[in-house]
1. Using a Gaussian network model of the chain with C-alpha springs under 10 Å, which one of W261, W219, W318 is most mobile by mean-square fluctuation?
2. Taking C-beta distances below 4.7 angstrom as the pairing criterion, name the unpartnered cysteines of the chain, in sequence order.
3. Placing unit charges on C-beta atoms (Lys and Arg positive, Asp and Glu negative, everything else neutral), compute the dipole magnitude of the chain about its Cα centre in debye, rounded to 20.
4. Share of region 14-93's accessible area from carbon and sulfur, percent, 1.4 Å?
5. Express the relative contact order of the chain as a whole percentage, based on alpha carbon pairs under 8 Å and six or more residues apart in sequence.
6. Using only the alpha carbons of region 156-272, what is the convex hull's orientation-averaged projected area in square nanometres?
7. Show log10 I(q)/I(0) for region 238-321 at q = 0.14, 0.18, 0.24, 0.25 Å⁻¹, two decimals, from a solvent-free Debye sum over equal Cα scatterers.
8. Please pull out the direction-averaged projected area of the chain, using the convex hull of its alpha-carbon atoms, in nm² to one decimal place.
Amino acid sequence: MLLSFLKNTATLIQPQVSRVQNCAFCGANTGHLIAKVDYWNLSTSNLIQCSKCNLAQLDPMLSDEMMDVGCTAFYRLQHRGEDPKSIQRGFLRAFRKGVSFGTRLKLAKINPKRLLEVGAGDGYFSRGIQFVFPELNVTCMDLVDDVLEHIQKHHGFEALKGSPESIDISKAGKFDFIIARDVIEHLASPRKAIETLNALLIPGGYLHFIVPNGNEDYWALFCNWRLKNQSSEMLLNHVNYFDPPGLHQLLVSSNLIPRFWFTYDFKGTRQGFGRTLSDKFTSQKSQARSAQKTIDESPPLETSFKDVSSEKVLKAWWIKMPKFIGMIYCFFKHYPLIKLNANSGIGHEIFCLAKKTLPRSGSV
């Protein structure tokens, strides 16, 4: 009875359909229809869950141009009208999380020297890690020019425009630590992205990422389609919804061995996401909102951020104290108290820290 909230009360049995594009993980050409979605006014797609590996993806997949326009529109919409104080609080929270993560690395005797953060956003997470490791060299990769300009101006980090699907490996260099938090679910070719990040890692290096647990992440879209037979609005480009065991298998086959592999954030699980078919979980009906109009009507990020300098953000009391006090404070403030093996499929967020190992002798 105590675990009754985990019971799957809605069986996910959907019709099997042929795909426009094959599965990006295993190449299968069939899958189960989960929902229909409109990505802004740029594309209408099916959300298909693979019959073999359980990866759910948009089909057809968004083009790079759609992603670029949609991401810029979402960033600007997200920060439209946001006041400097709330922006400053968000930056400081990201910094604290970086300090907490860096402290966890130090406790695990992992000391990164050259870090690449993919989809770095405001850059304060890496800045927090650098607080723990002052000699850390940081490079940030993103598709959005506004983001890269902000990172260079406020943090002095090296900037690379691109994505793991398109970056020239020979020019990017090598890293002993790569971070891709809340990134891989946004990429059209997640397998290729993981292979590219793996190629950028030196042997013994680490890949850290966070992705949503697919079943809970697409549940609102599924409920909307199953109960109301209507397309959902998609403004944030979640184009992949991962099955934890399938993702784990891909990592291991790529010689990326998870050292930490757990789920956390169980609020949605308690409410019934991923398990209960209900009107209260349905996503918003598609409005085919114009991405370009949103961009034209919203100020660029640097305009929104202009009154929030890093000096203003990093003035908290605990930063001025001895470093170990700040590290302890951040570590416990953002450390997840409840964790489960990610393969259980319970919980919203999947946390992974994987170490790159050398292929076994005789393996291909």
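The values are calculated or read from the model by the stated rules, or taken from the named source; none is laboratory data. Keep in mind it's a predicted model, so treat the numbers as computed, not measured. Here the Cβ is made from the backbone with ideal geometry for all residues, glycine too, and neighbour counts use every protein chain on show. Just the protein is used for accessible areas: all its heavy atoms, side chains included, with ligands, DNA and RNA removed. Shrake-Rupley method; radii C 1.70, N 1.55, O 1.52, S 1.80 Å.
1. Largest GNM mean-square fluctuation: W318.
2. C71, C140, C223, C330, C352
3. I would put it at about 1480 debye.
4. The nonpolar share, carbon plus sulfur, comes to 47 percent.
5. Worked out over the chain, it gives 24 percent.
6. Over all viewing directions, region 156-272 projects a mean Cα-hull area of 9.4 nm².
7. Rounded to two decimals, the profile gives -1.07, -0.97, -1.14, -1.22.
8. For the chain, the mean projected area of the Cα convex hull comes to 19.2 nm².
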